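Please read the structure below before turning to the comments.
The values are calculated or read from the model by the stated rules, or taken from the named source; none is laboratory data. Predicted, not measured: the structure shown is a model, and the values here were computed from it. Don't worry about glycine lacking a Cβ; one is built from the backbone with ideal geometry, like all the others, and counts go over all protein chains shown. Accessible surface areas use protein heavy atoms only, side chains included; no ligands, DNA or RNA. Shrake-Rupley method; radii C 1.70, N 1.55, O 1.52, S 1.80 Å.
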Amino acid sequence: MNLAHRLGQLGESATLAVSRKAKELAARGVEVVDLSAGEPDFDSPAVAVEAVRRALAEGKTRYTAAAGLPELRAELARRYGAERGAPWTADQVVVTVGAKAALMELALALVGDGDEVVVPTPYWVSIPAQIRLAGGRPVDVPCSARDAFRLRAEPVLAALTPRTRGVILNSPCNPTGGVLGADDLETVVAACAERGVWVVSDETYERFVFDGEGHASVAAVAARYPDTVILVGSFSKTYAMTGWRLGYLLGPPPVVKAVTAIQSHATSNPTTFAMYGALAAMRDAEGGVVAMIREFEHRRDLVAAALDAMPGVQCRPPAGAFYAFPRVADLYADGCRGSVEMASLLLEKARVAVVPGIAFGNDDHLRISFACSRERLDEGLSRIGEAFAAMG
Ligand code: PMP
Ligand code: GLU
């Protein structure tokens, strides 16, 4: 079979592949602690579930406009305006099949053959894959573990060349939890605006920022740089709605028009009744969101401390998101020379699923999700500790 040239070396998403393997093992009766999945263990908000029931009962089962439910687009525009002073109107919003589809459609709309796109590393696994699928070239900008993987403006600016078309930011970052401060964001956006380079900001984890640090959003600078910035967001994490497949983007009218055209050919609107649930979540689920994030902050403290105490492992508490990204390279030895072998070993010997760091562009680390109950986390961490001790 001749597959399209654009596939290149494309393989299955590593995050989804590990989760799939863990589920397969569990289905065979193996008791696995799955610390691979990037999805909250909380239930979707009851108000969202109820709103979907009502929408179905009322026959909200037909297509909407390709860009999504008008009321949901209006609510998103209103919220970013009210909370962050963004200038976006409802017709500058596209509701998408997850943030993943928003990012893919943006890549298709903005990246041409050979175009360079600057991507801070470690990156979320699908970002460089999508740039390559669109024909572009991701240019990695390393963030340092010693700096808690903070996203700094300087290395991003140093990576801009005449071939750079865009920059993709992801704060808080999956997999490192590293964040970008408001000053660095301003510096990056201003420099990009001057050069006519777009900035896509993936703010999927916007609510998962710990230690009282505020989230620096492009929504707050969009009024001053309306032609430069595009915000991507998701219902998946904030409202524990991963399987609903709902995300969105807000940005300049020409970008919104192009993405809507792509979406009109690729998926049409996201599932109609699901969007009614998302609207209810935005309006009435805040209490649950706050409680969930408080719980994630507790787990973050437990996980980072437990990992950092293991001989040969270094782990700083992540500033955001819900992943620990410990350095485990000091434990590499014969038969376990990198993160892929280390993750396989943990799955086989300790029955704990984690994602190899190489999937995110750094082979010295593993990604451990703490989006699961404290009890499962404790069990997973003690198994990991035992497996590491047996290696040392
Ligand atoms: N961006 C980041 C950084 C992610 O971790 C994910 C995975 N949840 C997504 C985008 C896509 O999210 P979804 O498609 O579920 O909205
Ligand atoms: N983004 C989540 C993760 O990194 C979900 C899986 C995916 O979409 O890749 O685990």
Subject >> Selection from the stretch 6-52 of residues that are away from ligand 1 (no atom under 16 Å from the Cβ), out of contact with any Asp or Glu (no Cβ under 7 Å at 6 or more places or on another chain), at pLDDT below 95 and not in a loop (DSSP other than H, G, I, E, B) >> reply: ARG6, LEU7, LYS21, LYS23, GLU24, LEU25, ALA26, ALA27
Original post:
Which fully enclosed strands (runs of 3 or more DSSP E) of the stretch 77-182 have 3 or more residues being more than 21 Å from ILE262 (Cα to Cα) and free of Cβ contacts under 8 Å to residues at least 40 places away in the same chain?
Top reply: 137-142
Subject >> Single unsatisfied condition, SER369 versus (1) farther than 19 Å from PRO172 by Cα; (2) within 22 Å of the chain's Cα centre (by Cα); (3) of a type in the set (S, T, N, Q) >> reply: (1)
Original post:
Just a yes or no: is a residue in the stretch 155-173 of a type in the set (Lys, Arg) and touching a helix residue (DSSP H, G or I) at 6+ places or on another chain (Cβ under 8 Å)?
Top reply: yes
**OP:** Take GLY68 and decide whether it is closer than 26 Å to ALA220 by Cβ, more than 16 Å from ligand 2 (Cβ to nearest atom), in contact with a helix residue (DSSP H, G or I) (Cβ under 7 Å, 6 or more places away or on another chain) and assigned to a loop (DSSP other than H, G, I, E, B).
**Re:** yes
Original post:
How about the stretch 212-233: which of its residues are within 16 Å of ligand 1 (Cβ to nearest atom) and open to solvent by less than 20 Å² (accessible area, probe 1.4 Å)?
Top reply: ALA216, SER217, VAL218, ILE230, LEU231, VAL232, GLY233
**OP:** Just need a number here: residues in the stretch 7-43 that are among the polar types (S, T, N, Q) and either buried (at least 21 other Cβ atoms within 10 Å of the Cβ) or over 19 Å from the mean Cα position of the chain (by Cα) (or both).
**Re:** 3
Original post:
Would you call THR238 in a loop (DSSP other than H, G, I, E, B) and among the β-branched types (Val, Ile, Thr)?
Top reply: yes
**OP:** Kindly indicate which of THR187, THR242 is within 16 Å of ligand 2 (Cβ to nearest atom) and open to solvent by 10 Å² or more (accessible area, probe 1.4 Å).
**Re:** THR242
**OP:** Within the stretch 57-100, track down each residue that is under 24 Å from GLY214 (Cα atoms) and aromatic (Phe, Trp, Tyr).
**Re:** TYR80, TRP88
Original post:
Before we move on, is GLY68 buried (at least 19 other Cβ atoms within 10 Å of the Cβ) and closer than 30 Å to ILE131 by Cβ?
Top reply: yes
